[in-house]
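The structure appears below as structure tokens.
The values are calculated or read from the model by the stated rules, or taken from the named source; none is laboratory data. Computed from a predicted structure; not experimentally measured. Note that each Cβ is placed from the backbone with ideal geometry, even for glycine, and that neighbours are counted across all protein chains shown. For accessibility, only protein heavy atoms count, side chains too; no ligands or nucleic acids. Shrake-Rupley method; radii C 1.70, N 1.55, O 1.52, S 1.80 Å.
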Amino acid sequence: RPPRDGGIRYRGLTQEQVNILPVDYEIEYICRGSRVIVGPKVQKCLPNGTWTDMNQLSRCLLVCSRSWMSLENGRLALQPPGQPVEGTVLHYSCHAGFLLEGFSISHCTKLGKWDSPKPLCVLLETPHKKLYIGALFPMSGGWPGGQACLPAAQMALDLVNNRTDILPDYELELIHYDSMCDPGEATKLLYDLLYTEPIKIVLMPGCSSVSTLVAEAARMWNLIVFSYGSSSPALSNRQRFPTFFRTHPSATLHNPTRVRLFQKWGWTKIATIQQTTEVFTSTLDDLEERVKEAGIEISVRQSFLTDPAVAVKNLKRQDARIIVGLFYETEARKVFCEVFKEKLYGKKYVWFLIGWYADNWFKIKDPAINCTVENMTEAVEGHVTTEIVMLNPETVRGASNLTSQEFLAQLMSRLGGKNPEETGGFQEAPLAYDAVWALALALNKTVAPLRAKGWTLEDFNYNNKEITAEIYRALNTSSFEGVSGHVVFDAQGSRMAWTLIEQLQGGSYKKIGYYDSTKGNLSWYGNDKWIGLGPPADQTKVIEEFRYLSQKLFVSVSVFAGLGILLGIVCLSFNIYNSSIRYIQNSQPYLNNMTAVGCVLALAAVFPLGIDGLHVHRSQFPVVCQFRLWLLGLGFSLAYGSMFTKIWWVHTVFTKKDEKKEKRKHLEPWKLYATVAVLLAIDVLSLLIWQIVDPLHITVEKFTKEAPKEDLDVLIQPLLEHCSSEKMNTWLGVVYGYKGLLLLLGIFLAYETKSISTEKINDHRAVGMAIYNVAVSLTAGYFYICSTKRPHSVIRRLITRGEWQSEQQDTLKTGSSNNNDEEKSRQLERENRELQKIIQEKEERVTELRNQLAERQALRSRRRPSVQNQNSVSSSRAEPPSYSPTTDKQSLPASFSNSSNLYQDEGKLSRNNCHNSRLPLLYK
């Protein structure tokens, strides 16, 4: 439907065709007479049957006279911005030294006329003397804070100049330039400010890097430097910057708040990533000192210049969880694009950022990154910001007679309806406003002291130290209520303020608390929200879990051991009961009794071997260790010693020369018992020495950490209690060496006496077979353990598994507590080898391309003389028939056909001519 007093223009259609319009067809609204279109002028037909900009109404309105839109010796503000049509409001004001005659507000009516006459600015009879402030406002760059800070400063200047009680004889005038937050650009602008008339009484830079440059140079010109947007801690150095003040608190004011939050959430391990600029480096140095005093460790510290990709990967590799990020807004988008790629966000991670970014900084499209708005929104969710309180939360009227809300309303009017979230420096605008008021009040305070000394403010020049000293004293003692809160400066010239704590929840920032670092008071709202069940852990939580012997296995083995002990007792009883039988007597029954007793003792060792921390207290565990050792040692000595004694004496008696056999056929039993006693005495002596010199004690061994089945941010640290001593391997080597030699000797003797038959020891063949069985069993067990290459894996299969252990970890690798470090080292070595391989391939490719380029240049140099000869003969500028772009292109090597545009026609050059396979090489 056409707007009132207007119509619709259809292009290229007849009257019959306008009833049904095709998709993508555009219609144009036109107005009659002198009316103009307000709203969409052109609408397009969409595939769904609707039009673009359906929610915006197009109207035909009359235009009011544009002569009202200029005011000599004054300024005006147009709301809303655009053409002066119905509903437009003009606000008039005059420059300092002029008086407004007429109405200060005029409305454009629907008749196309203003509702009040045009006002005039009349010169006052007594013009004020001007004092000039040289200002640098960054309208672009890393921090475009001047977009809102400049209008705020101009607001303050207008109010100050209209006040009769503040500098009544003077007018403050702002001379400002765009520093682009660039020290190089600021150097040139500072030169212009200092060497161009008029003389500036104060300098007002913004941006820490620019303020550092200006403040360091200003001392040579005896100038006070007053910053509204510099947070670098380095600027608090009074020896380096003796005339510097700022309404923006130092960035170090964030650090006490951060430390307090770390303590609140129980974090003792953090990581940092910073942009390599002085402001962030000094802030991080201060943070490092504060966390060290609080007992908090900075485990990872990364930095970057322009590309944060490697730094973010290092944070991921080193398992950083609580991360403090210090960088400007443009670099913040680069960082979190890499954070999204590395999955360094979610319920396991918390990021701490600076709070002076724009509220929608992560939604701004940035050609420097390749992440979507959705990717960025997902990556930044849940991060915490600490921000200096820059707007007074209380409704109080300060020195400017404005509340903070009234200030915001007037600032929005000056911004012309711009979105605050898209206006750089909107949060810092109150600081710029209060900076002008602090300067005005300080200059006003110096008028009387200077008059007493015969000076005036207009007498200031770059060599007058007395006026500078008076301004310094006035600023140093400043104290007033501003729209940003109470304005007062510390000994270093920095603002003292509260800190606001916010958290990004659902794509928007929510206030979760305030912190007063001067008193250490934390005001907490309790509305912090986390992706997981609560604040994440600062590192993977390791739960120590003792592993015990499986009770089913213990009971089963104990039953079999009990049966063996019962069998040993039966055999011992049988042997004692039938000791008078000749056949039993010829088998040396006392030695048989020792064998039975030894077997019973060895089997009885099963019970203390199965007793662990599940059954006894740690203080009683060494006693269990002693029982294990003595039962096994004495049991083996008695059981094997008695069998060895039999086979030894059979070999001694029946393998000697024939003339000595008759003398030795009479076997004396006490010698057999003495042999067993010697073997037993050796064992007892060695065990006594072992327990006296290096007694057994309980030792807890750590195995490889295990991941639970559930998605929990924990690792299970399996622990196993066992008996050990300081030189366990040495003692075991001595005992095993002695027993092993004894076992080998027994095997040899059994082999030597296998064909001997005697009635004195009638069971020596069975004894030999028993010795073989012992040797085979021990050897098989040894080779089985060695074949696994994990001696403890046998033990690990016997311990009870935790309920969190995954099914894939049935055969676990054991190791010490530094296995994780070893694994990381191996991973870095693998990555290093891969990178070396890639570099080698790239170098080979570069060499190949250089050779091809050299060949191509040689070919062109050979062709150039012939082409020049033909050009000298031919009067036309046509190319020779033998040379054409097509044939020349075909003669190129394959690697240059798509990747190089050096030999292509200019008309065909486009981005599509770059082959994807050449991108890595071009990047390098």
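Among 630, 356, the sequence by solvent-accessible area, most first, with a 1.4 Å probe is 630, 356. Rg over Rh for the range 102-177 works out to 1.11, using Cα positions for both radii and the Kirkwood form for Rh. Pairs from the table (118/418; 341/529; 269/709; 269/727) lying more than 30 angstrom apart at Cα are 269/727.
Think of a 1.4 Å ball rolled over the protein heavy atoms: the range 74-123 then has 55 Å² of accessible area per residue. Within the set of other residues whose C-beta is less than 11 Å from the C-beta of residue 95, count the net charge using Lys and Arg as +1 and Asp and Glu as -1. So the surrounding residues net to -2.
For the range 6-63, the normalised intensity computed at q = 0.16, 0.18 Å⁻¹ comes to -0.54, -0.66 (log10 of I(q)/I(0), Debye sum over alpha carbons, equal scatterers, no solvent).
Just the protein heavy atoms count here, and of the accessible area of the range 6-63 at 1.4 Å, carbon and sulfur take up 50 percent.
Solvent-accessible surface (1.4 Å probe) assigned to residue 185 amounts to roughly 40 Å². Per-residue surface analysis assigns residue 330 an accessible area of about 40 Å², computed on protein heavy atoms at 1.4 Å probe radius.
Counting only protein heavy atoms and a probe of 1.4 Å, the accessible surface of the range 357-502 is 52% carbon and sulfur.
From the cross-link list 264/363; 264/292; 347/541; 264/705, which pairs have alpha carbons spaced over 22 Å apart? In this structure, 264/363; 264/705 exceed 22 Å between Cα atoms. Excluding ligands, DNA and RNA, the accessible surface per residue across the range 6-63 is 67 Å² with a 1.4 Å probe. Protein heavy-atom accessible surface, 1.4 Å probe, per residue over the range 484-612: 53 Å².
Accessible surface of the range 202-293, 1.4 Å probe: 47 percent of it comes from carbon and sulfur atoms.
On the basis of the beta-carbon distance and an R0 of 25 Å, residue 678 and residue 571 show a calculated FRET efficiency of 0.50.
Accessible surface of residue 397, taken over heavy atoms with a 1.4 Å probe and every protein chain present, rounds to 130 Å². Annotation: amide H of residue 302 within the under-5 Å range of 272, 273, 274, sequence separation 5 or more or interchain, hydrogens built in the peptide plane. If you take the Cα centroid of the range 541-588 and the Cα centroid of the range 221-252, the two points sit 86 Å apart. Taking a ≥ b ≥ c as the square roots of the eigenvalues of the Cα gyration tensor of the range 1-128, is the shape rounded (a/c under 1.5), prolate (a/b larger than b/c) or oblate? Prolate, since a/c reaches 1.5 and a/b exceeds b/c.
Residues 433, 751, 472, 177 ordered from highest to lowest accessible area at a 1.4 Å probe: 751, 177, 472, 433. How much net charge surrounds residue 152 when only the other residues with a Cβ under 12 Å from the Cβ of residue 152 are counted, with Lys and Arg +1 and Asp and Glu -1? Neighbour charge sum, excluding residue 152 itself: -2.
When 165, 713 are compared by accessible area at a 1.4 angstrom probe, the order from most to least is 165, 713.
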